There are 2 protein chains.
Amino acid sequence: MSKISKPNNCISCPYKWKYLNLLKDDDIISIQNSCTIINFKKGETICKQGTDATHALYLAKGTVKLYIEGKKNLILKLIKAGEYIDLQTLFGDKSYKYSVAAMDDTMVCMINSDMLRSLAKENPKYLFELTKSISNSSNYVYKKVSDISRKQLRGRLADTILYLKNEIFNSDEFDIGMTRKELAELSSMSMENAVRILSEFKKDEILSIEGKKFKILQPSILQKLSDIG
Amino acid sequence: MSKISKPNNCISCPYKWKYLNLLKDDDIISIQNSCTIINFKKGETICKQGTDATHALYLAKGTVKLYIEGKKNLILKLIKAGEYIDLQTLFGDKSYKYSVAAMDDTMVCMINSDMLRSLAKENPKYLFELTKSISNSSNYVYKKVSDISRKQLRGRLADTILYLKNEIFNSDEFDIGMTRKELAELSSMSMENAVRILSEFKKDEILSIEGKKFKILQPSILQKLSDIG
DNA sequence: CAATATCATTGATATTTAACAATAAAACTA
DNA sequence: TAGTTTTATTGTTAAATATCAATGATATTG
């Protein structure tokens, strides 16, 4: 199960948010005192769609998936360490519009929402960075909805592989760290179709696949598939 | 063509944003001096996907559609008077991720981005409201992407009709003010299928349709269709 | 007001995608 | 390590959806 603890020193924490020091030291201490650190193991749920947010979630270590639940799940994005998992629930409607689960062992700092909001109100520079972050994450979803609604299977799977390459692993070679089902949920398609298209990509030597180890052999073709849709 | 003018008095303007007065009068005057008012006619483009934003766009009068262009367009939402059309481009990446066009005769206030950003930085209460607005509009898109990826034709069209009822016209009876093609683009489907399903709804007496005049006869069935997906 | 263009409607057909099914491979567990 | 469950793969079939085509209705324009 998830392990709970308290932070020692946020100011000198190596995992702190890069804009944390826009706050005064006193304010950082307030955050530290209100903060609870929770360690999650792979697969554990960090927050649940439909419930109300009482804390802001900062991802200090690990990677999580943010997904919308239903008959079939849709993974909207992966979030890497160093970012707030969810900010629009802090400033907008309080109920989570999605669930979040750990993709590997993660460390999450939970900060009381009311406290963080009032700190933000008094520290416009900090708030400004939070707002930039929400804006860019919003832009990402706009792109996602457009891709999903317009592209078909091949284009969508190419999108996902390029996303892993460019945004998550920053490399042409990586262990996807997820099942085929999750890869499909990230591409909004059935698992069988994801597997089938992966086989095609392999046969066409666009990709080399060894279980969960992917190596992109022809990124330009993937890009073209993504562009064509 | 679009008609350009300057504002007389933002402070007493009946169309002003409801949180404008969180700014000091001096700041409002700064906005007023930098502001250009543009009147658009139905169909005219207000901003174009791919270009860089130099101004924040406030919709004082009229209704606009925000849509992503491609081989087929996807209308993400309609925006009514009294809201900023676009805020994430003010705080996030500067390039428009979508186009915006007038659905009827509209009045748009264009405010220099740099100026508004620096005002926001010095007026946390104002910035806070902008952030709330971005957050909620982001939440809307999360719902949209989930609906589009999961529901099928009937569910999606029911969504759209309920959206018009609840969010746009606040009535069971309204003139949709758009073509069947736009209705389809708002529901992410082909125009023919939108028409076909409308005919079904009419036959099943869920809806009464007279050209562009819709009357919802059985909202509960629409809701059920939306829920089933 | 006739001519023209746009929009709406319906049917037929083709394409895309998911669901189902059977088996193989891999990972986990006692 | 044998047994069990989960995950991956491929083929087959069914369902969902888009496209094409033909026609009628409505709006627009000179």
Report summary line: Cβ pairs under 8 Å, 6+ apart or interchain, first in the range A:161-189 and more than 14 Å from every other protein chain (Cβ to nearest Cβ) and more than 16 Å from DNA strand C (Cβ to nearest atom), second part of a loop (DSSP other than H, G, I, E, B) and charged (D, E, K, R), ordered by first then second residue, are A:165/A:172
Report task. Report, by residue number, each residue of the range A:16-51 that is more than 25 Å from residue A:104 (Cα to Cα) and small (Gly, Ala, Ser). Result -> A:30, A:34
Query raised in the report: Do we have residue B:165 as of a type in the set (Lys, Arg), away from DNA strand D (no atom under 12 Å from the Cβ) and in contact with an Asp or Glu (Cβ under 9 Å, 6 or more places away or on another chain) here?
Result: yes
Requested in this report: Specify the residue that is nearest to residue B:181 (Cα to Cα); the eligible residues are those in the range B:121-158 that are surrounded by fewer than 23 Cβ atoms within 10 Å (Cβ to Cβ), more than 7 Å from every other protein chain (Cβ to nearest Cβ) and within 16 Å of DNA strand D (Cβ to nearest atom).
Outcome: B:153
Query - Qualifying positions in the range A:97-120 - buried (at least 22 other Cβ atoms within 10 Å of the Cβ), within 14 Å of another protein chain (Cβ to nearest Cβ) and among the hydroxyl-bearing types (Ser, Thr, Tyr) - result: A:98
Query raised in the report: Is it true that some residue in the range B:120-130 is in contact (Cβ under 8 Å) with a residue 40 or more places away in the chain, farther than 30 Å from residue B:191 by Cβ, basic (Lys, Arg) and touching a Lys or Arg at 6+ places or on another chain (Cβ under 8 Å)?
Result: yes
Report summary line: Checked A:76, A:59 against criteria (closer than 24 Å to residue A:182 by Cβ, in contact (Cβ under 8 Å) with a residue 60 or more places away in the chain and in a strand (DSSP E or B)); the one match is A:76
Report task. Test residue A:67 against the stated conditions and say whether it is buried (at least 20 other Cβ atoms within 10 Å of the Cβ) and over 26 Å from residue B:130 (Cβ atoms). Result -> yes
Query raised in the report: For the range A:21-48, which residues satisfy the criterion of being among the polar types (S, T, N, Q) and either part of a helix (DSSP H, G or I) or surrounded by fewer than 17 Cβ atoms within 10 Å (Cβ to Cβ) (or both)?
Result: A:21, A:30, A:32, A:33, A:34, A:36, A:45
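Quick one: which of A:221, A:148 is within 11 Å of DNA strand C (Cβ to nearest atom) and farther than 21 Å from residue A:43 by Cα?
Residue meeting the stated conditions: A:148.
FYI, it's all coordinate maths here, none of it is from the lab. Predicted model, so just to flag it, every value in this text is computed and none were measured. Note: ideal-geometry Cβ built from the backbone for every residue, glycine included; neighbour counts use all protein chains shown.
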